[in-house]
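Undergrad: Sharing a structure, written as structure tokens. Questions coming.
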Amino acid sequence: MLYIKPSLMDNYIIQWMNMNLSQSYINKRSVLITFFVITACTFLLTTKAAADMFGIFKKYEVHLCPEIKGQIKSKGIAIKNVKVFRSLTYGDDKEILEETVTNSDGYYHFNEKNIKSKKPGSMFDESSIRQIIDLDYQDKRYLLWGGEVKEIKPNPTITLKLSKLDCDLSSEEKYFEFSDEGSTIIGVQSICRW
Amino acid sequence: MSIITPKIAAQLANVAYSVRAPTSRGEYRLFGKEANDLSQHFDFNLSQGPIKGVSGGLLSHLFNKTTGFALIGEGKGLYKNDYVVAVRGTASLQDGLTDAHFGLTGSETGSIVHAGFNKTFNTMKPALKEYFANRLAKSSGGTIHCVGHSLGGALAGLTADWLKNSYSLPVNLYTFGAPRVGLKGFSSKTTARVDNIFRCTHGADPVPKVPLWPFTHAPYNGMEYRLNSGQGFSPSSHKMGANGNPGYINSANSQDWQALQKKSNSFLNNSVRLKYEARHQASYSGYWADKISAALVTLLKDAGYYSAIMAQASIGTALTFYDLVARTLVNVVQASTKFAEQTAGLLGHMLVFAGQGAVKLAELNYEFIKWVFDKTLGVLYRSVKTAINGAL
């Protein structure tokens, strides 16, 4: 193993500082600052390593929303150029708001959204994900999807439903329950029909 | 007076975590299955956002960082005229749980409680006051149900105590995995004051085991609803939601409190005297944590130091509380052979609890007694801390 004897290293530092001390006051100060910065960095790096070991700084992949595909119609006619909004909020994090516009056939699309977070590592964390997809059309608000998800991993049922988020604005907003193979029941408020 | 079912209480405690500020597009409704189930019994108006509070350390208080803390609902149907206050926990309050230099303060109702919990409660109080001041004046005798999980359970406990003291109507408290909130005085007074207390725990949830004595749970008789029979300590057993093991939302899924298992660790009201020879019966568990606390209380009472110690605890000293206890035990040992033997019995059990069973009892001086206390508290706080900070 390659290492410098502590006493030897001290000598180097002293020699180096003496060299600098003979120069101007500013140099002396900059040497001291450099010395402290190096010490501080070393300290921070070692504590970071220790913290990593105990999982305090570990970041987890949090799946906020799968890819969304759908078509907007009103009384059977595709609606083009209407803005669709997706609002995602994880726990107390800042809301992530995105928007897209329907094409000439009324189709719209959002990419999958994932973030990294330290939160799932804490025993006290009970964060859930609020997913809201809506649009405004002729002065009226329409809710395409209003859900609250506790899982941070993709859920096959939600992925399937959001891959076909088609709606007719003349449909009434209703509460839906979907169950997957597991015991989880997903409750969603929506004007869409599957 | 009405009582909400275990299932509804657990759903409320869980839904409190999904309460947030309205979105930037002005949406404030609660979504998901639980919110939908609860909407059959309660109306939540969140157009103004939830009841805010400030938690955390000096920095959060300096910048007045408020976050949503409580959800208030108005009952309908079966729960007409009732109100629910569901409070959520916050990770920033966790430091107060395992701090040996715990801070104490006077509560709203004049008892000694945890300073950190009370500080956070005080930031929520004005909003609660504003909400209830108008409504309860014209109330026609409904019940207020206060609900909370984890540190939210501690805040719900302070809320229930304050509401009952301020307004003369029935108040019930329902907690899941909540820590201890105050000393004996608070515990006994709030037990008498609040109409019904449903304290739910899991066997392996470490949070209800802290802070240690002199903190005391309410109800004062030690009664709790033990929703599963876990052993040891496991962080996932503290979880409320479906991602926990078992998750309070699952273990409390019942329509009837009678159907759930009641358990009473009445140690704190009974005398516990331990014999040194029998020390190997002790083990590292929540059961022995409670029993050792009770043996310490009994010893201090037997030797006539209990009141003095409690008075000191209430004032708060520069020394940590357990340092004071160790100093007192030196006097207890010197008082008589009988007390010296009882002290040896206690310390022997503490050593086995702390995994130091091989250590022989030395001279019962301050240094040795302090060392035994440090080992015992250290091992318990360490496992709670590991549970708190550890991965799932």
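Every read-out reported here was derived from the displayed coordinates using simple, explicitly stated rules and does not represent laboratory data. Keep in mind it's a predicted model, so treat the numbers as computed, not measured. Here the Cβ positions follow ideal geometry from the backbone for every residue, glycine too, while neighbour counts run over all protein chains shown.
Undergrad: Taking 19 Å as the cut-off for C-alpha to C-alpha distance, list the pairs among A:K161/B:K33; B:K76/B:K239; A:K119/B:K7; A:K116/A:K150; A:K94/B:K125; A:K119/A:K164 that go past it. Each step should come with its number before you reach the end.
TA: Values: A:K161/B:K33 16 Å; B:K76/B:K239 29 Å; A:K119/B:K7 26 Å; A:K116/A:K150 16 Å; A:K94/B:K125 25 Å; A:K119/A:K164 31 Å.
Violating the 19 Å Cα-Cα cut-off are B:K76/B:K239; A:K119/B:K7; A:K94/B:K125; A:K119/A:K164.
Undergrad: Just want the ordering: A:I77, A:I96, B:I249, from fewest to most Cβ atoms lying within 10 Å of their own Cβ.
TA: If I rank by nearby Cβ atoms, fewest first, I get A:I77, A:I96, B:I249.
Undergrad: Straight-line reach from B:K119: which aspartates and glutamates fall under 12 Å, measuring Cα to Cα and dropping same-chain residues less than 8 apart?
TA: B:E108
Undergrad: Can you sort B:S2, B:S234, B:S18 from fewest to most other Cβ atoms within 10 Å of each residue's own Cβ?
TA: Going from sparsest to densest Cβ surroundings: B:S2, B:S234, B:S18.
Undergrad: Around A:F176, which amide H atoms from residues at least 5 apart in sequence, or from another chain, sit under 5 Å from its own amide H, with H modelled in the peptide plane?
TA: Long-range HN contacts for A:F176: A:V188, A:Q189, A:S190.
Undergrad: Based solely on its DSSP helices, what 222 nm [θ] is calculated for chain B when runs of n ≥ 4 H residues each add -39,500 (n - 2.57) and the sum is averaged over all residues, nearest 500 deg cm²/dmol? Write out the running numbers ahead of the final one.
TA: Working: 12 runs with 157 residues, N = 392.
Dividing the helical sum by the residues of chain B leaves -12500 deg cm²/dmol.
Undergrad: Then there's this: If amide H atoms are built 1.01 Å from N in the plane of the peptide, which residues on other chains or at least 5 residues away come under 5 Å of the amide H of A:K150?
TA: Amide H to amide H, under 5 Å and 5 or more residues apart or across chains, A:K150 pairs with A:I129.
Undergrad: Let me ask something additional. Could you tell me how far the Cα centroid of the stretch B:350-385 sits from the Cα centroid of the stretch B:196-272, in Å?
TA: Comparing the Cα centres of the stretch B:196-272 and the stretch B:350-385, I get a distance of 26 Å.
Undergrad: Report, to the nearest 10°, how far helix B:366-389 tilts away from the longest principal axis of the Cα atoms in chain B, using its own Cα long axis and a range of 0 to 90°.
TA: Tilt of helix B:366-389: around 30 degrees.
Undergrad: Also: Going by a ≥ b ≥ c, the root eigenvalues of the Cα gyration tensor, does the stretch B:172-229 fall in the rounded group (a/c under 1.5), the prolate group (a/b larger than b/c) or the oblate group? Mind dumping the intermediate values first?
TA: Details: a/c = 2.32, a/b = 1.27, b/c = 1.83.
Because a/c hits 1.5 or more and a/b fails to exceed b/c, the stretch B:172-229 counts as oblate.
Undergrad: Moving on. How high is the relative contact order of chain B, in percent, counting Cα pairs under 8 Å that sit 6 or more residues apart?
TA: Reported relative contact order: 13 percent.
Undergrad: Rounding to the nearest 20 debye, state how big the charge dipole of chain B is about its Cα centre with +1 on each Lys and Arg Cβ and -1 on each Asp and Glu Cβ.
TA: Rounded to the nearest 20 debye, it is 220 debye.
Undergrad: Further question: Name the long-range amide H neighbours of A:Y137: under 5 Å, sequence gap of 5 or more, or other chain; modelled H, no Pro or chain starts.
TA: The answer is A:Y142.
Undergrad: I would also like to ask the following. What are the ³J(HN,Hα) values, in whole Hz, obtained from phi via the Karplus relation 6.51 cos²θ - 1.76 cosθ + 1.60 with θ = phi - 60°, for each residue of the stretch B:162-172 in sequence order, with x given for Gly and Pro?
TA: Going residue by residue, I get 6, 4, 5, 6, 8, 10, 8, 8, x, 10, 10 Hz, with x marking Gly and Pro.
Undergrad: May I ask for the distance between the Cα centers of the stretch A:136-194 and the stretch B:141-156, given as a whole number of Å?
TA: 31 Å
Undergrad: I would also like to ask the following. Got a sec to turn the phi values of the stretch A:172-181 into Karplus ³J(HN,Hα) couplings, 6.51 cos²θ - 1.76 cosθ + 1.60 with θ = phi - 60°, whole Hz, x for Gly and Pro?
TA: My calculation for the stretch A:172-181 gives 7, 6, 9, 9, 10, 10, 10, 10, 9, 4 Hz in order.
Undergrad: Under 10 Å, Cα contacts only: if you run a Gaussian network model on chain B, which one of B:K33, B:K370, B:K164 comes out with the highest mean-square fluctuation?
TA: Looking only at B:K33, B:K370, B:K164, the biggest GNM fluctuation is shown by B:K33.
Undergrad: Please list 3J(HN,Hα) in residue order for the stretch B:220-233, calculated via the Karplus relation 6.51 cos²θ - 1.76 cosθ + 1.60 where θ = phi - 60°; whole Hz, with x for glycine and proline.
TA: 5, 6, x, 6, 8, 9, 8, 7, 8, 10, x, 10, x, 10
Undergrad: Shape call for the stretch B:123-213 from the C-alpha gyration tensor, a ≥ b ≥ c root eigenvalues: rounded (a/c under 1.5), prolate (a/b greater than b/c) or oblate?
TA: Details: a/c = 2.05, a/b = 1.96, b/c = 1.05.
Here the stretch B:123-213 falls in the prolate category.
Undergrad: Still on this structure: Treating only the Cβ of Lys, Arg, Asp and Glu as charged (+1, +1, -1, -1), what charge dipole size does the stretch B:214-354 show about its Cα centre? Round to the nearest 20 debye.
TA: My answer is approximately 120 debye.
Undergrad: Now for a separate question. Leaving out same-chain residues fewer than 8 places away, which lysines sit with a Cα under 18 Å from that of B:K338?
TA: Correct list for B:K338: B:K275, B:K301.
Undergrad: Just want the ordering: B:M1, B:M124, B:M310, from fewest to most Cβ atoms lying within 10 Å of their own Cβ.
TA: B:M1, B:M310, B:M124
Undergrad: Starting from the Cα gyration tensor of the stretch A:116-194, take the square roots of the eigenvalues, sort them a ≥ b ≥ c, and report rounded, prolate or oblate (rounded when a/c is under 1.5, otherwise prolate if a/b is larger than b/c, else oblate).
TA: It is prolate, given that a/c is not under 1.5 and a/b is the larger ratio.
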